[in-house]
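Colleague: The structure under discussion is supplied below as structure tokens; questions concerning it will follow.
The values are calculated or read from the model by the stated rules, or taken from the named source; none is laboratory data. These numbers come from a predicted model, not from an experiment. Please note: Cβ atoms are built from the backbone with ideal geometry, for glycine as well, and neighbour counts cover all protein chains shown. Surface accessibility is based on the protein's heavy atoms, side chains included, excluding ligands, DNA and RNA. Shrake-Rupley method; radii C 1.70, N 1.55, O 1.52, S 1.80 Å.
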Amino acid sequence: KWTKQTPSSSRSFQSDNLLRALVYDANTILVVGEGRQQTGKANIIAAQLDSTGVTKWSLNLDLNNTEHHGVGIARVGNEWVITGWCRTLQTYPFAIFVRNDGSVRKVWKGTSNGINQFGEVLVAPGGTIYAIGTTGAGLTANVLVCAFTANGSRKWSRNIGTNNVAEAGQHAYFEGSSLWVSSNY
């Protein structure tokens, strides 16, 4: 029916990568990823399209790091939450809360003592947001689960894993009132 691509600035060896798509309803599609074409730097990119491929809004965000990766997206209330990670010398998880018109309401950027990343994000029926990812690297890598309130305040974080075994958080889903998290190991 149609094809859409990110705007090009003809930057050689500077690619845009869309990492996740969410079809919210029959007329709302959201995509997130990392973009280098517009700025020459890996920024968070996101766009909302309608079912005919028309762009409703688009974002190119820089959280003042060397590279940024938008990986997860979910709907919470009347806004979107985008999760991922950014890096300069250390790696930081982030959650960005975007209003329905595409303006950023709030940015939560975590702390890091090495490597902390968010990947997938999902929202419980009651509005609690769960970001799933990885904390640490190599044999110290554990699954990272972080809960946020619907307004974007962090409630708690947990790392789950075993010493001397690398476990990286991958996906999550709800079954009834239980949150299930998978990892590679």
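Colleague: Using θ = phi - 60° and the Karplus curve 6.51 cos²θ - 1.76 cosθ + 1.60, what whole-Hz ³J(HN,Hα) does each residue of segment 70-79 get, with Gly and Pro shown as x?
Modeller: So the J values, rounded to whole Hz, are x, 10, x, 8, 8, 9, 9, x, 9, 9.
Colleague: Carbon and sulfur atoms: what percent of the 1.4 Å accessible area of segment 85-185 do they account for? Could the numbers behind the result be given before it?
Modeller: Numbers: 2600 of 5270 Å².
Solvent-exposed carbon and sulfur of segment 85-185 make up 49 percent of the total.
Colleague: Within segment 1-58, what whole-number % of the accessible surface is contributed by carbon and sulfur, with the 1.4 Å probe and all protein chains included in the calculation? Write down the numbers at each step before the final one.
Modeller: Working: 1750 of 3530 Å².
Answer for segment 1-58: carbon and sulfur cover 50 percent of the accessible area.
Colleague: Using alpha-carbon pairs under 8 Å, 6+ residues apart, how would you state the relative contact order of segment 65-185 in percent? Intermediate values should be presented prior to the final figure.
Modeller: On the way: 325 pairs, mean separation 20.9, N = 121.
The value is 17 percent.
Colleague: Still on this model: Where both partners of a DSSP beta bridge lie in the chain, what percent of those bridges are antiparallel, to the nearest 5?
Modeller: Details: 69 of 71 bridges.
Counting only bridges with both partners in the chain, antiparallel ones make up about 95 percent.
Colleague: Any chance you could look up the accessible area of Tyr130 with a 1.4 Å probe, heavy atoms only, rounded to 10 Å²?
Modeller: 40
Colleague: Check cross-link reach from Lys41 to the aspartates and glutamates: straight Cα distance under 19 Å, and skip same-chain residues fewer than eight apart.
Modeller: Within reach: Asp16, Asp62, Glu67.
Colleague: Please compute the contact order of segment 6-137 in relative form: average sequence separation of alpha-carbon pairs under 8 Å and at least six residues apart, divided by the residue count, as a percent.
Modeller: Working: 332 pairs, mean separation 20.7, N = 132.
16 percent.
Colleague: May I pose another question? Net charge near Trp180: determine it from the other residues with C-beta under 15 Å of the C-beta of Trp180, scoring Lys and Arg +1 and Asp and Glu -1. Show your work: numbers first, answer last.
Modeller: Details: positive: Arg158; negative: Glu120, Glu167, Glu175.
Surrounding charge for Trp180 is -2.
Colleague: Here is a further query. Which log10 I(q)/I(0) values, to two decimals, does segment 51-185 give at q = 0.16 Å⁻¹ under the Debye formula with one point per Cα?
Modeller: -0.81
Colleague: Could you do me a favour and compute the accessible area per residue for the chain, 1.4 Å probe, result in Å²? Kindly include the intermediate steps, with their values, before the conclusion.
Modeller: Working: 9620 Å² over 185 residues.
Here the per-residue accessible area is 52 Å².
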